[in-house]
Amino acid sequence: METFLFWLFAIVGVGCGIMVVFHRNPMSSAIYLVVTMLCLAGFYALLAGPFVAVIQVLVYAGAVMVLILFVIMMLNLREESLQREGGIVTWILAGLIGLVLVVAVLPPFPRTPAGAPQPAFGTIEEVGNKLFTVYMLPFELTSVLLLIAIIGAVILAKRRML
């Protein structure tokens with residue numbers, strides 16, 4: 001059953017990821033991105049990480065996508081502004097960049113399986129302990145970065161209203 005679910009999530013996730021890039025309508029692309037993120041949550045659930053799967057759905061597929069949809073609606077893009085530009089050079093450059101990224105991600109040697117996860121792996125308590133001990137500084141820097149982004153968005157929105 002796990003193999004079937006893995007392939008289902010993989011095929012749907014890759015297919016929707018491709019549709020995010022190639023679809024002309026930004027709203028449809030955002031919906032395909034939601035489905036891709038739901039497939040990622042399915043992968044996390046298969047990897048015995050239920051907390052990470054739920055956070056993926058709540059934070060990314062929920063809150064972040066609502067924010068992206070609001071930005072798309074606020075920009076109010078017209079059909080003529082969505083025309084694709086570029087020719088064969090753009091496709092060749094995109095293919096080369098994609099190839100470089102794939103080669104950079106591939107491991108240089110075959111990996112051995114890590115074995116079964118620890119019993120506390122992925123629990124809320126374990127994530128909280130790691131977040132507020134080992135990863136305290138990156139967590140706080142992320143919150144400051146998000147605060148700066150919110151302030152910048154409010155300033156840009158106010159400037160547009162005037």
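Looking only at residues in region 18-35 that are among the small types (Gly, Ala, Ser) and buried (at least 17 other Cβ atoms within 10 Å of the Cβ), which one is farthest from Ile68 (Cα to Cα)?
Ser29
Test Val21 against the stated conditions and say whether it is of a type in the set (A, V, I, L, M), free of Cβ contacts under 8 Å to residues at least 40 places away in the same chain and not assigned by TED's automatic domain parsing to the domain that holds Glu125.
yes
From the list Phe70, Phe4, Phe9, Phe43, pick out the single residue that is in contact with a Gly (Cβ under 6 Å, 6 or more places away or on another chain) and either part of a helix (DSSP H, G or I) or modelled with pLDDT of 85 or more (or both).
Phe9
Among (1) closer than 30 Å to Phe121 by Cβ; (2) assigned to a helix (DSSP H, G or I); (3) modelled with pLDDT under 90, which single condition is Trp91 missing?
All conditions are met except number (1).
The rows are residues; the columns are (1) free of Cβ contacts under 8 Å to residues at least 12 places away in the same chain; (2) among the acidic types (Asp, Glu); (3) more than 22 Å from Lys130 (Cβ to Cβ).
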residue: Phe6; (1), (2), (3): no, no, yes
residue: Gly13; (1), (2), (3): no, no, yes
residue: Ile55; (1), (2), (3): yes, no, no
residue: Met65; (1), (2), (3): no, no, yes
residue: Val71; (1), (2), (3): yes, no, yes
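The values are calculated or read from the model by the stated rules, or taken from the named source; none is laboratory data. Note that the structure is a prediction, hence the values are computed from the model and not measured. Please note: Cβ atoms are built from the backbone with ideal geometry, for glycine as well, and neighbour counts cover all protein chains shown.
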